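Below is one structure, written out as structure tokens; comments come after it.
The values are calculated or read from the model by the stated rules, or taken from the named source; none is laboratory data. It should be emphasised that the depicted structure is a prediction, and the values quoted were computed from it without experimental measurement. Neighbour counts run over all protein chains shown; Cβ positions are idealised from the backbone, glycine included.
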Amino acid sequence: MKKALITGVTGQDGAYLSRILLKKGYKVFGTFRRVSTPNFWRLQSLGIYSKINLIPADLLDMGSLLDAIRVSDPDEVYNLGASSFVSSSFEQSVSNAEITGLAVTKFLESIRSYNSNIKFYQASSSEMYGNNNFSVQSEKTPFMPASPYAVSKLYAHWITDVYRKSYKMFTVSGILFNHESPLRGMEFVSRKISNGVAEISLGLKKELVLGNLKSKRDWGYAKEYMEAVHLMLQQDKPEDFVISTGEAYSVSHFAKLAFETVGLNWKKYVKTDRRFMRPSEVNYLCGDSKKAKTKLGWEPKISFEELVRMLVNEDVKRWKMFIDGKSFAWDAPLYPDEAKLITRSHQDSNSKRKKSEK
Ligand code: NAP
Ligand code: G4F
């Protein structure tokens, strides 16, 4: 029986990847952070919580990573753990660098000293391309990071490459473009929109406040992307792959389709506020995943429209179940109302407003 160790098992991708590996007969180990409130709703909602061997560990703590490797003695390691929200990397840039960037070197060192035959997957990101003005981005496109998160991911990406070349280890990076699902965190724009649309359609909320509506992203379905991730570690040779749909749509188009799903006109409900805009924005991302199609036999199946509808319908279903008093694993009721959050962008937008009022 193959053994896999996944960091970030409590996140969106960790949950889908765990289910894929369990179905393939793997013994799955997942690291989790000891937090004051347990965060296993995604594993519970996929019905796999009891099947994962959970190991407490933190990417900030090298000893705990080494312990996780010793305890699980894995054939494959999937490093999905990261501080993954780009906006917050502007507010917590140092911890982001440590968790998302430097921790990868600590992890690779731990693997190298324990057993350098372990295969290693690093969750790289299309955010690393930044604003490089290429109409499509492939494995060969130069990177131009525009956020602390992207810089940290790029460091992790290159150190993964260095370990592959220097120590002949099987280390690969998947450069994944945005991928969404009903298990997406509420702070990301797709879920923020689908949840907001669900609440508005049921009369629970009056408006949806967003940031930059013009930026474009290449949005795919997380479950399909995790199938590609597994395939990357089954190749004969370690290589990096872009995973994307090849189509880019604006945030406003996402909102339009989401509101149309419940028969509403988005223009009546969507407002914008500077505090949801970033100090520096990546305007456009669109991936070329031809290499994955040729070498992995992978291509996306679900269309953008289907993805948007899936998210909205699932959130409407959840809110209805909640109203009916049903109990189920879910995040929305615990999520803080963004109107109450005070962030650096909030202060920046206040000071800009005050200056313009003078
Ligand atoms: P996610 O839902 O935010 O999950 C992130 C995971 O990382 C969570 O399990 C989180 O644990 C864990 N984590 C955070 N800080 C940690 C720390 N100090 N030590 C150990 N674990 C820690 O993200 P995702 O969407 O599943 O993405 C998975 C990976 O792919 C991330 O590395 C992300 O940056 C990358 N990626 C994502 C996308 C995308 O569109 N989804 C695209 C490209 C790359 P808690 O539950 O305790 O917070
Ligand atoms: O959903 P987002 O926060 O995702 P973003 O920044 O593209 O990052 C995600 O994808 C990356 C891959 O490219 C991952 F590496 C990363 O971990 C994460 O999963 O924002 C998407 C776009 C941005 O242009 C943002 O400015 O939506 C825009 N946006 C507009 N209003 C908003 C909002 N984003 C958020 N989160 N909230 C808003 O209200």
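Within the set Ser173, Ser135, the sole residue that is polar (S, T, N, Q) and either out of contact with any helix residue (DSSP H, G or I) (no Cβ under 7 Å at 6 or more places or on another chain) or not assigned by TED's automatic domain parsing to the domain that holds Gly11 (or both) turns out to be Ser135. Exactly one residue out of Gly203, Gly196 is buried (at least 22 other Cβ atoms within 10 Å of the Cβ) and not assigned by TED's automatic domain parsing to the domain that holds Val104, and it is Gly196. Could you go through segment 273-291 and let me know if any residue there is at pLDDT 95 or above, more than 19 Å from Val209 (Cα to Cα) and part of a helix (DSSP H, G or I). Checking segment 273-291: at least one residue is at pLDDT 95 or above, more than 19 Å from Val209 (Cα to Cα) and part of a helix (DSSP H, G or I). All but one of (1) at pLDDT below 95; (2) within 16 Å of ligand 2 (Cβ to nearest atom); (3) in the same structural domain as Gly196 (by TED's automatic domain parsing) hold for Leu334; state the number of the condition that does not hold. Looking at each condition in turn, Leu334 falls short on (2).
Residues of segment 121-137 that are buried (at least 17 other Cβ atoms within 10 Å of the Cβ), in contact (Cβ under 8 Å) with a residue 60 or more places away in the chain and of a type outside the set (A, V, I, L, M): Tyr121, Ser124, Ser126, Glu127, Tyr129, Gly130, Gln137. Considering (1) within 15 Å of ligand 2 (Cβ to nearest atom); (2) out of contact with any strand residue (DSSP E or B) (no Cβ under 7 Å at 6 or more places or on another chain); (3) under 27 Å from Lys271 (Cβ atoms), the lone condition that Leu208 does not fulfil carries the number (2).
Of all residues in segment 187-205, those that are away from ligand 1 (no atom under 16 Å from the Cβ), among the aliphatic types (A, V, I, L, M) and touching a strand residue (DSSP E or B) at 6+ places or on another chain (Cβ under 8 Å) total 2. Of the helices (runs of 4 or more DSSP H) lying entirely inside segment 68-167, the ones with 2 or more residues being polar (S, T, N, Q), away from ligand 1 (no atom under 11 Å from the Cβ) and over 15 Å from the mean Cα position of the chain (by Cα) are found at 103-114, 148-167.
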